[in-house]
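Everything on this sheet refers to the single structure shown next.
Values in this text are rule-based calculations from the coordinates and carry no lab data. Just so you know, these numbers come straight off a predicted model, no measurement behind them. In this analysis, Cβ positions are derived from the backbone assuming ideal geometry, glycine residues included, and neighbour counts consider all displayed protein chains.
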Amino acid sequence: MRVVVAEDSVLFREGLTRLLREAGHEVTAAVGDADELVDAVRAGLPDLPDVVIVDVRMPPTMTDDGVSAARRLRADHPGLPVLLLSQHVETRQAVDLVATGAFGYLLKDRVLRVADFLDAVRRVADGGSALDPAIVGALVAPGRDDDPLRSLSAREQEVLALVAEGRSNTAISAQLVVAERTVETHMRSIFQKLRLVESDDTHRRVLAVLAHLTR
């Protein structure tokens, strides 16, 4: 895969670059601020990277510059795979990106689990999703009394969290040690309770996680 890395910490950036290259991927650019990220992607046109890995907080303001740059790139190139990294759980600026597919959001300590991290990069590049369980927890935290997520059973919430991590029904059935048909039944129940109508949209699985935020 062709990867662009945007991370202001030199040590972390170099570590990511080395990790990706050792895994056989091509890091076409490794930059330290949000403006450089946008310039690096545009410099490679007409070819786009297979995935862009972006720190949420970056120069020049060290607030949400990474997310803002990701939004700019997505506006210019819909469907560009983006994987956000953050030291802390920050969801406010990322909700609409989560619902689009080809998107991931991991806490930085997840990178230390090398196999999981590389698997997440691949899933995002392939058009899927990869959300850190802590991010999922923040997104589906109990809210209003009329929040339909509150109607989900404990098992359905568990299945939904695994779906939001980008797991297939087959992978979920293996992890929970249940039949894949049982997972399919849970998914139908989740869609029904969250009032998500039948659709060919593959991202409905992710929208299920975000239903109370995006409806």
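Can you work out D for the stretch 2-137 in µm² s⁻¹ from Stokes-Einstein, where Rh is the Kirkwood radius over C-alpha pairs, the temperature is 20 °C and the viscosity is 1.002 mPa s?
Using the Kirkwood radius from Cα pairs, D works out to 149 µm²/s.
For a label point 7 angstrom out from the Cα of SER153 toward its Cβ, which stretches of the stretch 172-198 have the backbone nitrogen within less than 19 Å?
172-196
Rounded, prolate or oblate: which one fits the stretch 1-48, using the alpha carbon gyration tensor with axes a ≥ b ≥ c (rounded when a/c is under 1.5, else prolate when a/b beats b/c, else oblate)?
Oblate shape, in that a/c is at least 1.5 and b/c is the bigger or equal ratio.
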